[in-house]
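Below: the structure, in structure tokens.
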Amino acid sequence: MATVRLDQQEPHAREFTATVIAHAAYAARPAVVLDRSAFYPEAGGQQSDRGALTVDAVAHPVADVQIDDAGVVHHLIDGALPPVGAVVAGAIDRARRRVHMALHTGQHLLSRALIEAAGAPTVSARLGERDCTIDVTRDAVPERELAAAEALANAVIDDDVAIRAWWPTPDELAALPLRREPKVEREVRVIAIGDFDVSPCGGTHCTRSAQIGSMRILGSERYKGMTRVYFTAGARARGLLGEHSATLTAVARDFTCGAADVPAQIDKLRRALTDARGELTAMRERLAVAMAATLAPTPGPGEVITTVDDAALLRPLAAALNAAGKDALLAAPGADGVQVLLARADGSALDCGALLKRLATAAGGRGGGKPTHAEGRLPAGTDWPAAIAAARA
């Protein structure tokens, strides 16, 4: 027989008593069936409760809770099962339940707010261990509209409106302004957040909107022609705010400034880094010209085969050598292999792409390019000048 669902009657209930009426298996995992249960079984995008069933001072951990098509709730147990006929004391992980209540009620609230502020109806939602998402029908939702939806949801939270869960009669159900159609035909349970949102749902929810605490949209992305919105609420939102505050405080301490001044300090650092990179590039180019003058003191046709310590010098050195009329066959050894660059000068018949392909095949490397320019990587320790000679032969 179907399990009496105490979780749908009183979401704040943490403890209950019940009788074990059967042993079972769900997805090949051992489980017990109770005549009544306050454990929420995974459904509707909300994860299951966890906790324990205690018999004669022996606690049997409940690792997962699932429900079958007949409405039987399966309590998946880690370890030995309590015996059939035993009266158990059920205890739910309250902190986990409160997080799920806040997230699920917050999802209802945000789904309505996304309609009001962004014209974006919800297609599906998922409340995961880490990420909570809402998929809406719009292909892209601007940041300003997401911000407006978040502000609207938090305004309802601040108003501390009552939240009602009940099973309306068919006539009452037909008259309700439901945000979406029910997924079941009989015994439809409805959640009303004040007069802001009315939706069919079988999940666990807060009894007043202020119990959600706060709502925060974390970001969005395009997903299968729609938009996926990432959000958090309740204790998770507070935890995330604490992590971000600690990170900001640490960064401010390193910059020896106030938290509000961190963006300006980062911008200043970014500009300094851009300037330093520009100066480094200019210095490499001057160094490459000087190296080319040493490696090819007499301009004109020819080639230079040489190794450099800095891979960033390969391209500027090749350009300087080509400007002097020399083909450049260059390499820069590193811990992850030998980076090779071949570049031919104007008027040269060297086919860089073909030579590199033969070189990579012979040495077990990879790479490619055009007749005028090719780049690749050979295994670390390769005697690349000898490998080039062999490839040419």
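The values are calculated or read from the model by the stated rules, or taken from the named source; none is laboratory data. Note that this is a predicted model, so its numbers are computed, not measured. Neighbour counts are summed over all protein chains in view; Cβ atoms, including those assigned to glycine, are modelled from backbone coordinates with ideal geometry. For the accessible areas, the whole protein counts, side chains as well, though only heavy atoms, and no ligand, DNA or RNA atoms are used. Shrake-Rupley method; radii C 1.70, N 1.55, O 1.52, S 1.80 Å.
When the range 45-62 is filtered for residues that are on the phi > 0 side of the Ramachandran plot, at pLDDT below 95 and either surrounded by 16 or more Cβ atoms within 10 Å (Cβ to Cβ) or in contact with a strand residue (DSSP E or B) (Cβ under 7 Å, 6 or more places away or on another chain) (or both), only Gly45 remains. When the residues of the range 352-388 are filtered to those that are assigned to a helix (DSSP H, G or I) and out of contact with any strand residue (DSSP E or B) (no Cβ under 9 Å at 6 or more places or on another chain), the one that is surrounded by the most Cβ atoms within 10 Å (Cβ to Cβ) is Arg358. Of the candidates Val32, Val62, Val20, the single residue that is touching a Leu at 6+ places or on another chain (Cβ under 7 Å) and closer than 20 Å to Val99 by Cβ is Val62.
With the requirement that a residue be in a helix (DSSP H, G or I) and out of contact with any strand residue (DSSP E or B) (no Cβ under 6 Å at 6 or more places or on another chain), what does the range 124-148 give you? Even if it seems obvious, please write down each step before you answer.
Of the residues in the range 124-148, the ones in a helix (DSSP H, G or I) are 143-148.
Scanning the range 124-148 gives Glu143, Arg144, Glu145, Ala147, Ala148.
Search the range 102-141 for residues being among the charged types (D, E, K, R) and without any contact (Cβ under 8 Å) to a residue 60 or more places away in the chain, and hand back the single one that is most open to solvent (accessible area, probe 1.4 Å).
Keep residues of the range 102-141 that are among the charged types (D, E, K, R), which gives 112, 116, 126, 129-131, 135, 138-139.
Add one more test, that the residue is without any contact (Cβ under 8 Å) to a residue 60 or more places away in the chain, and what stays is 116, 130.
Numbers: Glu116: 111, Arg130: 209 Å².
Of everything passing the filter in the range 102-141, Arg130 is most open to solvent (accessible area, probe 1.4 Å).
For the range 196-222, the candidate set comprises residues that are under 17 Å from Ala149 (Cα atoms) and in a loop (DSSP other than H, G, I, E, B); within that set, the residue that is nearest to the chain's Cα centre (by Cα) is Ser214.
Does Pro170 count as free of Cβ contacts under 8 Å to residues at least 24 places away in the same chain, loosely packed, with under 11 Cβ neighbours inside 10 Å and closer than 16 Å to Leu109 by Cβ?
Numbers: free of Cβ contacts under 8 Å to residues at least 24 places away in the same chain: yes; loosely packed, with under 11 Cβ neighbours inside 10 Å: yes; closer than 16 Å to Leu109 by Cβ: no.
No.
Report whether or not Pro11 is at pLDDT below 95, surrounded by 15 or more Cβ atoms within 10 Å (Cβ to Cβ) and assigned to a loop (DSSP other than H, G, I, E, B).
Judged against the criteria, Pro11 is a match.
Looking only at residues in the range 49-99 that are part of a helix (DSSP H, G or I) and of a type in the set (A, V, I, L, M, F, W, C), the one that is farthest from the chain's Cα centre (by Cα) is Ala95.
Consider Val304 carefully, then state whether it is buried (at least 16 other Cβ atoms within 10 Å of the Cβ), over 30 Å from Glu116 (Cβ atoms) and in contact with a helix residue (DSSP H, G or I) (Cβ under 6 Å, 6 or more places away or on another chain). Spell out how you get there, then give the answer.
Values: buried (at least 16 other Cβ atoms within 10 Å of the Cβ): yes; over 30 Å from Glu116 (Cβ atoms): yes; in contact with a helix residue (DSSP H, G or I) (Cβ under 6 Å, 6 or more places away or on another chain): yes.
So Val304 passes the test.
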